[in-house]
Amino acid sequence: MTLCIVNINNKGNVEFWSDSRLNYGDNKPIDMAVKVVSFPVTIYNISDKWTPDYSQNWGICFAGGGQTIYYIKDFILENLRNLEYSSDLFDVSANKISNYISVIYKIAVQKFVDKLSLDDGGCELITTGFCPKEKRFITYYYTIKFPIDDWDDIEIIVNELVDNIKFIGNGKYVAQNLYDDGLKNPYQIMKKIIDENLNNKVGGQIQFGENVNLDFKVKGVAKIENHKTITQLRGVDLYDVNLFDYTQDLKPTTSFLINLKEIK
């Protein structure tokens, strides 16, 4: 499943893009997958459990076995909600956070691989978050090291992403080819693959998130279809009167990322 695109511009701003497709039994697609997520990382000094020393939203995108990836993702995120450290021993940094993520990721993947297979239990992760030590967003790529010498002790490789663009998932090869042929805009790459069905494991609505100030935020995608502006968040049309009566119902809210002139 999946195509995720990470785009880092020359100012260090980080964008995550993905499709929404999952494939289950007999390759049946379900276009409701949440693949770009903003999640809280909260860290307390062990001497002060009331006011966190660090509280920012990080971003994560992922690709892997559709049977397990969401269990792995939830396991990781739930283990990041309340962390603690001693300021006498070390400083909080993005590297310390990514090291912790890699440990939790390893535990989760190893349990699924042990019971299933590498294809069903494995996955790739990319995270990004603000580093209080270096005063910048840092993006990390997590993979399983191959070849695997000891299945009881799978090794996780963590690398900081410094390239302008990175593709992961089933659609990464066709995306890379489009990029090499001159299509540089991540949105246009994703849209072309979906609209032209260049990879049948990539489909559904486009998802997007980016760093805003010190946090990573998921944003809606606006587009024009049949001369009508459609504003979507994870495939839900936020202003569909058939879904929501804004005089009676709660209203989902978000900001939108794109100048409509850029997504024709």
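The values are calculated or read from the model by the stated rules, or taken from the named source; none is laboratory data. Quick caveat: nothing in here was measured; it's all calculated off a predicted structure. Quick reminder, even Gly has a Cβ in these numbers, built from the backbone with ideal geometry, and neighbours come from all protein chains shown. For accessibility, only protein heavy atoms count, side chains too; no ligands or nucleic acids. Shrake-Rupley method; radii C 1.70, N 1.55, O 1.52, S 1.80 Å.
Listed residues 224, 194, 206, 189; which is modelled with pLDDT under 70 and out of contact with any Pro (no Cβ under 7 Å at 6 or more places or on another chain)?
On the way: 194 fails: modelled with pLDDT under 70; 206 fails: modelled with pLDDT under 70; 189 fails: modelled with pLDDT under 70.
Result of the check over 224, 194, 206, 189: 224.
Looking only at segment 42-62, which residues are of a type outside the set (A, V, I, L, M) and part of a strand (DSSP E or B)? Break it down stepwise before answering.
Of all residues in segment 42-62, those of a type outside the set (A, V, I, L, M) come to 42, 44-45, 47-59, 61-62.
Passing the criteria: 42, 44, 45, 48, 54, 55, 56, 57, 58, 59, 61, 62.
Restricting 27, 9, 13 to those that are closer than 23 Å to residue 232 by Cα, at pLDDT below 95 and loosely packed, with under 15 Cβ neighbours inside 10 Å reduces the list to 13. Taking the condition assigned to a loop (DSSP other than H, G, I, E, B), surrounded by fewer than 21 Cβ atoms within 10 Å (Cβ to Cβ), hydrophobic (A, V, I, L, M, F, W, C) and at pLDDT 90 or above, does residue 39 pass? Answer is no for this residue. Restricting segment 132-154 to residues that are assigned to a loop (DSSP other than H, G, I, E, B) and at pLDDT 90 or above, the residue that is least open to solvent (accessible area, probe 1.4 Å) is 132.
Could you list, in sequence order, all residues of segment 157-182 that are open to solvent by less than 50 Å² (accessible area, probe 1.4 Å), closer than 25 Å to residue 104 by Cα and not in a strand (DSSP E or B)? 161, the sole residue that qualifies. Taking the numbered list (1) closer than 19 Å to residue 168 by Cβ; (2) buried (at least 17 other Cβ atoms within 10 Å of the Cβ) in turn, residue 106 passes all entries but (2). When the residues of segment 227-242 are narrowed to those that are assigned to a loop (DSSP other than H, G, I, E, B) and buried (at least 18 other Cβ atoms within 10 Å of the Cβ), which ends up modelled with the lowest pLDDT? Looking at residues that are assigned to a loop (DSSP other than H, G, I, E, B) and buried (at least 18 other Cβ atoms within 10 Å of the Cβ), I get 234. Residue 194 meets all of the listed conditions (1) within 17 Å of residue 23 (Cα to Cα); (2) part of a loop (DSSP other than H, G, I, E, B) but one, namely (2). Of the residues that make up segment 67-79, is at least one open to solvent by less than 70 Å² (accessible area, probe 1.4 Å), modelled with pLDDT of 95 or more and within 18 Å of residue 142 (Cα to Cα)? No - not one qualifying residue is present in segment 67-79. Every test in (1) without any contact (Cβ under 8 Å) to a residue 24 or more places away in the chain; (2) within 28 Å of residue 200 (Cβ to Cβ); (3) assigned to a strand (DSSP E or B) is passed by residue 74 save one, and that test is (3).
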